[in-house]
1. Count the DSSP beta bridges whose two residues both fall in the protein assembly as shown, then state the antiparallel fraction as a percent rounded to the nearest 5.
2. Give me a single rounded figure for A:417-423: the average over its residues of other chain Cβ atoms within 10 Å of their Cβ.
3. Of the listed pairs A:269/A:330; A:330/A:462; A:462/B:170; A:127/A:327, which have alpha-carbon separations greater than 23 Å here?
4. Taking 8 Å as the Cα distance limit and 6 or more residues as the minimum spacing, I'd like the relative contact order of chain B as a percentage.
5. For the range A:74-152, calculate the relative contact order in percent as a whole number, restricting contacts to Cα pairs under 8 Å that are 6 or more residues apart.
6. If you take the square roots of the eigenvalues of the alpha-carbon gyration tensor of the range A:223-339 and sort them as a ≥ b ≥ c, do you get rounded (a/c under 1.5), prolate (a/b over b/c) or oblate?
7. Between the range A:277-334 and the range A:18-61, what is the separation of their alpha carbon centroids in Å?
8. Let a ≥ b ≥ c be the square roots of the eigenvalues of the Cα gyration tensor of chain B; is it rounded (a/c under 1.5), or, if not, prolate (a/b larger than b/c) or oblate?
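The values are calculated or read from the model by the stated rules, or taken from the named source; none is laboratory data. Keep in mind it's a predicted model, so treat the numbers as computed, not measured. Glycine also receives a Cβ, built like all others from the backbone with ideal geometry; neighbour counts cover every protein chain displayed. Areas reflect the complete protein model, heavy atoms only, side chains present, ligands, DNA and RNA absent. Shrake-Rupley method; radii C 1.70, N 1.55, O 1.52, S 1.80 Å.
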Amino acid sequence: MTDDTGRGTVRQVLEDLGDVIPASRLLTDPAELATYECDGLAAYRVTPGLVVLADDAGELTAAVRACARHRVPFVARGSGTGLSGGALPHADGVLVVTSRLRTLHAIRAADQRAVVDPGVINLQVSKAANPQGYYFAPDPSSQQICSIGGNVAENSGGAHCLKYGFTANHVLALDVVLPTGEEVTLGTEAPDAPGYDLVGAFVGSEGTLGVATRAVVRLVRLPQEVRTVLAGFRSTDQAGAATSAIIAAGIIPAAIEIMDALAIEAAEKAVSAGYPAGAGAVLVVELDGAADEVEHEYAEVERICRDAGTFELRVATDAADRAEIWKGRKSAFAAVGRISPDYIVQDGVVPRTALPEVLRRMGEISAERGVRVANVFHAGDGNLHPLVLFDASEEGATERAEEVSGMILDLCISSGGSITGEHGVGSDKARYMPRMFTDDDLDTMQLVRCAFDPDGIANPGKIYPTPRLCGERPRVVQGAHPLQQAGLAEVF
Amino acid sequence: MTLADELGSVCPVRDAGADDAVDGVLPQVVARPASTEETSALLRACSGRGLAVVVRGNGSKLSWGSPPERVDVVLETGAMDALVEHSRGDLVATAGAGMPLARLQQQVGEAGHQLVVDDLAAGSTLGGLVATNLAGPRRMWVGAPRDLVLGMRLVRADGTVAKAGGKVVKNVAGYDLSKLLTGSFGTLAVVTEVTVRLHPVPPASHWVGGAVPSDRLPGVLAALVASQLVPHAVEVHATPGADPSVVALVSGTEAGAAARAEALRAELGPGASVEAAPPAWWGHLPGRRDGLDTDGLDAAGAAASPPARTVLLKTTSRLSGIPALVEVATAHGATVTGSAGTGVLWAALPARTPQEVADAVDAVRRTSVDLGGSTVVLEAGPQARSAVDTWGPVPAVDLMRRVKDEFDPTRILAPGRFVGGL
């Protein structure tokens, strides 16, 4: 049974899956479904029609195939830590949860590769590789709970991507079940697989091109030396000047982070990070690599910070000291809850050179609108995370905060930057895409969508405000033997 | 009215000559648009007439891959060669696709910056590097063009102009079309402008290494790629019947780089030395500088028989498989150079009979695929080409065909040149 849009129903999918997946992992009870109604962006909530807790790649594939067969929308979800509503369910669709696929198939240090299931936790990969001297470089703040599948979907970054790049730079190959139900392998374990770079297109596609069922990722050698510097400044201008000078000196630190006075206040209240009292800004610089290079770079950074006016400089050379410095930074988002009942975490990017001007304008907007904005940012790559503070119980406060949040994004766009550096577009920012891209730009992206997902059933409504209708074309999954049919497509 | 006259209202167009053939396929005209807008108008005119278009930068890699099924128009990017922007504080540059890499390096070099891409083919334009995702030794340091391209302007087959990505190093808004187009051999769209991430030029560089007996190769390579001394490149070079050479690049501060180079030398053993310049084979495709002339002449100038071009392969494997891949390739007469640090090798087979070439390709390909990689025949004369499978097994080729169908439904962009006859 299909309605007049050609879409089938969740019930049909449920019937198909009844033979394949135990009923205990096919959730339809409203109370159970409620657990999955939002991801890390709790402002958006939708109750899914069906939740499938897949246990292995076969079940994951079966779930997507059933959706493909009946043209029922599906949304993939890993750990549910995303901050843009990318895993927001579809009311008439299926939420496919990958978090039970947690097998770490291989750590092959000599090849600098790990082979993992999509539900494997980011930090677990590093923990498994550490004894052999390796780690997985992308380190989003949520790395203790976020999954590799989610990292792939969102092209996750983290504090250290200035030097080491994003998830897209660390994924070599993916097993994927396409929205048509086909299973394909994209890429090879070695770089430069022949043909189009479909791994490059897939990573960061926010679940709109299919679901990864296995990933081959790159492992990076642990550095010989890591040194973390905390410098207190009177103002963000001073901290920003130090950042520019470090980059101009030819140094690419592993991370350069800035927190402003309000963010410092929140972090101090939450975790007593011991940041310098009275600081208008703190700068955290982490240097890593070969010991003698780090030694040299450290001397440069120290000199630059003193020249830029730091009044307190602290250095961590061991893991415990380093954790102490990072504690305040990593807890900053949650810490803001200590100084404001409600807040919006924004994510925008500006060219590094535009930082002082953008921060000044942000200060003006904040003052004009009477809305406090705390700032935490990856200064090295111009990735801002303004925290817009408000009290939802005050009349009109939510609207004012949202307006300020939107003005900040406009500021990012007009400075030549981006509406998102690492949190993704998801449900939250689809409406801003036309401010950054022309209709033709967006239409060109939709060409990729139509090649992967001609029926538009994979995470519909995310990223793009008005999806293009793909031309009529034969559907891949049909008839009695979709398994064989799709399987044959990959026989060489 | 000739085709040159018809298209001439859009941009400068001339009749093609014998030198304009694309891997043996003669075009009718050569068009030279000077802007994205002219490129758009040209492609609109071509798609309306069903004319096949092949993009040419400096032409250094134009014979790579399969020959196109047909070519009507060669689109030269040479008039789009400006440095549009070099944002020094952001370490980002935007330039036209026709910008020669050497000139780009010189211009951004004034600020102590560089695009960390080694021009293996010598003479590449920025567009050509992007079209082939060409990367040499230092890909171990920062990756390949796919990792360095931040955004681009592109013109679709029907003339639609679009922007991909942006001008900031961190950006996850929408699909990363720049990665999709990088390495697509001009079969999806015409790239007119590219924005790239730059890196500072390190103050000092040293090359460490030397000849390594074959039986020690696995151990030496394993030690180098696992070193915490952060070599920016680990290259292997091997010819049939001789011990392979292994050389690592160590860059950084004057004192630091020298000390690390010395430490690596000690690790490598008695035969290793530290040099201030790379060996002659470094950063070049094998073949041309190794006595295997592309015209089928050996080093002494004697004509090989039958006259044929050197066959150039790109072959990859997992890191631990590189010694085995080197061994198989050299056993089949190949000269091999490449990045042992990332698992990407280039192999030049001497001009031989098509059957010998086919056997060699088959052996190298089987080994590379078994070791998690692939083998592509980039260059070959017509006889050898007809005896081999240029691309070998391509994962997800059906999906690639659908991508091509969406971008270029009438197949006017380099038809037949890419995997699966796309």
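1. Numbers: 124 of 142 bridges.
Antiparallel bridges make up about 85 percent of those DSSP assigns within the protein assembly as shown.
2. On the way: counts 6, 11, 5, 5, 6, 3, 1.
Mean inter-chain Cβ contacts per residue within 10 Å come to 5.
3. Too far apart for the 23 Å limit: A:330/A:462.
4. Values: 978 pairs, mean separation 66.0, N = 422.
About 16 percent, as a whole number.
5. Working: 138 pairs, mean separation 24.2, N = 79.
It rounds to 31 percent for the range A:74-152.
6. Values: a/c = 2.21, a/b = 1.40, b/c = 1.57.
In terms of gyration-tensor shape, oblate.
7. 43
8. Working: a/c = 1.96, a/b = 1.32, b/c = 1.48.
Note, shape of chain B comes out oblate.
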